[in-house]
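Down below is the structure, laid out as structure tokens.
The values are calculated or read from the model by the stated rules, or taken from the named source; none is laboratory data. Bear in mind the structure is a predicted one, so any value in this text is a computation, not a measurement. So basically every Cβ, Gly included, is an ideal-geometry build from the backbone, and we count neighbours across all protein chains shown.
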Amino acid sequence: MPLVQYNDICDIFYRSHGVPAGVFDADGTLVYLSSGFGQRLTGMYLQDSSTLLADKIRGNAAEIRPDEHGSCWCIISADGTTVLLGPVQTGRNPDFPYDRIPEFSPDSFSDICTVFARILLGKDTEVIQNGRLRAEHYTASLQFRAEQEDFELLSFDEMFQCVKLGDIEALNTYLHSQKYIAYNNRVMNSITDASHVFLFCLAKTYHTAAETGIPIRDLTPLISIYLKQMDSCTSVASFKSAMQRMLYDFTRYVAHYRSESYSMPVNMALLYIREHVYSLISVEEIASHCSMSVSALQHRFKKETGHSISDAVLSYKIDKACFFLRYTKLPCTAIAFKLGYGSQSYFNRQFRKICGMTPSEYRSVS
């Protein structure tokens, strides 16, 4: 999954529960942080996270870990990317060093982590408890009130499948079925529950649509629209209505994207470019991956997309560079190196070619 997808899901969960969430790349570099931290706490967070991430999780998994300060964290490892949820305090701890972070019971924090992990890793994911959590004398602010059966939010799988296929007719049938109505009434029976279900479904729907290959920049505006709409929801009925509109919008988007999809070789080439955006990519590598000659693939790619393969590679790399410049404090040289450029001056020329300004100028106006 592209890093930007993790970032948006982190924002949704931070907005809902107040739990900070950081995204780290395969090198252990923080590329995104959803939090209200100022400079002092961000520095503390980076120091604590480096200690926690030193003991890496193998494969795709999720694990809750306490630290020496009595803070609690959840580490979710997914395809080389690590998402770090926390810190939170799971009991009234006078030594808790982070300001304005809600207090959670161990079960509440585990619930939040499990939902998050299941969005990223799949519905059968279990969160491992590593170490004894400090829970003495806690007064939990149960911001995520969910019994185990409510984890079956993933019973909405049939609904998400309609989104993935861009099947408006099937989605309409499902949303008017007695099964959906009865289940929805059960899990959205208060404004608090309705807001949590809505946020979960927004994150999951976004993830589902992004898996079809729609560019992240095209989906992000929908996230913003529905986060704003959430603020205007004042009743369970309004949340239910907003959720249906959200599902229809994402499904129409997928249907539109599928109607304009390219041939299999061109889609394979685009997917290869997205997945190797941090590497040096040659047209020869892409053609080999697509089992076509360079000339044949170049001709088909140009005919279907209107752009050359080299232009597509450059576009994806600069799009990723813009993300790092806008949302991180990584130096321009580090961004150039991360994206496979051996020369800062060459990176600057390529960036100017697409954006009409240097990376430093782009950062100053973003």
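Mind checking which pairs have a first residue in segment 25-41 that is touching a residue at least 12 places away in the same chain (Cβ under 8 Å) and a second that is among the charged types (D, E, K, R) and assigned to a helix (DSSP H, G or I), Cβ under 7 Å, 6 or more apart or different chains?
Qualifying pairs under 7 Å: 34/11.
Anything in segment 227-251 that is at pLDDT 85 or above, closer than 30 Å to residue 317 by Cα and surrounded by fewer than 18 Cβ atoms within 10 Å (Cβ to Cβ)? List them, or say none.
249
When both residues are 6+ apart or on different chains and their Cβ atoms are under 8 Å apart, which pairs have a first residue that lies in segment 334-355 and is touching a residue at least 60 places away in the same chain (Cβ under 8 Å), and a second that is buried (at least 16 other Cβ atoms within 10 Å of the Cβ) and in a helix (DSSP H, G or I)?
Partner pairs satisfying both residue conditions: 338/324; 339/317; 339/320; 339/321; 339/347; 340/317.
Please report, ordered by residue number, the helices (runs of 4 or more DSSP H) entirely within segment 206-285 with at least 3 residues that are in contact (Cβ under 8 Å) with a residue 60 or more places away in the chain and touching a Leu at 6+ places or on another chain (Cβ under 7 Å).
Result: 236-259.
Give me a count of the residues in segment 29-68 that are of a type in the set (A, V, I, L, M, F, W, C) and in a helix (DSSP H, G or I).
So the count comes out to 5.
Regarding residue 263, is this residue within 22 Å of the chain's Cα centre (by Cα), surrounded by fewer than 18 Cβ atoms within 10 Å (Cβ to Cβ) and farther than 30 Å from residue 192 by Cα?
no
So is residue 233 assigned by TED's automatic domain parsing to the domain that holds residue 189 and more than 24 Å from residue 6 (Cα to Cα) or not?
Here the answer is yes, as residue 233 does meet what is asked.
Can you give me the number of residues within segment 5-16 that are in contact with a strand residue (DSSP E or B) (Cβ under 9 Å, 6 or more places away or on another chain), of a type outside the set (A, V, I, L, M) and within 19 Å of residue 101 (Cβ to Cβ)?
Total meeting the criteria: 5.
What about residue 200, is it free of Cβ contacts under 8 Å to residues at least 60 places away in the same chain and crowded, with 18+ Cβ neighbours inside 10 Å?
Spelling it out, it is not the case that residue 200 is free of Cβ contacts under 8 Å to residues at least 60 places away in the same chain and crowded, with 18+ Cβ neighbours inside 10 Å.
For segment 56-97, give me each residue that is touching a helix residue (DSSP H, G or I) at 6+ places or on another chain (Cβ under 6 Å) and at pLDDT below 80.
Of everything in segment 56-97, just one residue is touching a helix residue (DSSP H, G or I) at 6+ places or on another chain (Cβ under 6 Å) and at pLDDT below 80, namely 90.
Please state which one of 366, 308, 360 is modelled with pLDDT of 90 or more, under 27 Å from residue 42 (Cα atoms) and of a type outside the set (A, V, I, L, M).
Result: 360 is the single residue among 366, 308, 360 that is modelled with pLDDT of 90 or more, under 27 Å from residue 42 (Cα atoms) and of a type outside the set (A, V, I, L, M).
From 246, 292, which residue is more than 30 Å from residue 200 (Cβ to Cβ) and aliphatic (A, V, I, L, M)?
The unique qualifying residue is 292.
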